[in-house]
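Working notes, beginning with the structure itself.
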Amino acid sequence: MGEQVMDEMEVGDAISLLRVRLEALETKAADFCKQHFDFVMAENKARAWEQRSVLYAQARMRDNTLGVAWYEVHWYGSKAAKTRRMTKKLIRKPKNKHGYNLDALRKLAQPWEVDMVRDTEHDLCGIRREATFIGKAIGQLNHIIKSDGSPR
């Protein structure tokens, strides 16, 4: 059996398909983040400041990389004077891991949201993992096209 060689069009098609999947993963991750956000906003309304959630998850696509990060939210300024502002502090994810340390998230989570944070992070971990592999695959396929202009 002879060796099958991919031409640039086939490589380009493969990259396009991988990007479509990456965009689908971004949409899925954004949906999980929004579910957490909507849950937190609904629960926060009935709670005192010290019982409100300070966790916020956000999906972000940059080139062929999908990042989904957790942030610790703080508020400052006066609501009455309309100077209230939100700051987000990135919670670091362990290097070379696709998921966050659940103990670190649990320390910041309110007791009423711990299950939601755990479930959300579990779902996001799988998305981060797949997105990492897709990003690497796109990078490798781009090397085929850029190497010398001819397929190998």
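When only alpha carbons of the stretch 24-152 are considered, Rg and Dmax amount to 18.4, 66 Å.
Each part gets one Cα centre, and for the stretch 21-56 versus the stretch 59-93 those centres are 12 Å apart.
In this structure the amide hydrogen of ALA57, modeled in the peptide plane, comes within under 5 Å of the amide hydrogens of TYR71, none closer than 5 places in sequence on its chain. Here r is the Cβ-Cβ distance between TYR76 and ARG19 and R0 is 30 Å; the resulting FRET efficiency, rounded to 0.05, is 0.15.
Across all Cα pairs in the stretch 77-137, the calculated P(r) in 10 Å bins from zero up to the longest distance comes to 18, 36, 26, 16, 4, 0 percent per bin. Largest GNM mean-square fluctuation across SER16, SER53, SER78, computed for the chain with C-alpha springs under 10 Å, falls on SER78.
Under the criterion of Cα pairs below 8 Å and six or more residues apart, the relative contact order for the stretch 8-144 equals 26 percent.
In order along the stretch 84-89, phi translates into HN-Hα couplings of 5, 9, 10, 10, 10, 10 Hz, rounded to whole numbers, per the Karplus curve 6.51 cos²θ - 1.76 cosθ + 1.60 with θ = phi - 60° and x for Gly and Pro. Test of the criteria: in the stretch 17-77, which trypsin sites (Lys or Arg not before Pro) are in a DSSP loop and have at most 14 other Cβ atoms within 10 angstrom of their Cβ? Passing both the DSSP loop test and the Cβ count: LYS45, ARG47.
A simple spin-label model places the labels of PHE37 and ASN142 2.7 nm from each other, with each point 7 Å out along Cα-to-Cβ.
What residue among ALA29, ALA109, ALA48 has the largest mean-square fluctuation in a Gaussian network model of the chain, using Cα springs under 10 Å? With Cα springs under 10 Å in the chain, the top fluctuation among ALA29, ALA109, ALA48 is at ALA48.
If you run the Gaussian network model on the chain, springs between alpha carbon atoms under 10 Å, then out of VAL54, VAL68, VAL20 the most flexible one is VAL20.
Quick note: the coordinates plus some simple rules give every number you see, no bench work behind them. Because the structure is predicted, anything quoted here is derived from the model rather than measured. With ideal geometry, Cβ positions are generated from the backbone for all residues, glycine too; neighbour counts draw on all protein chains shown.
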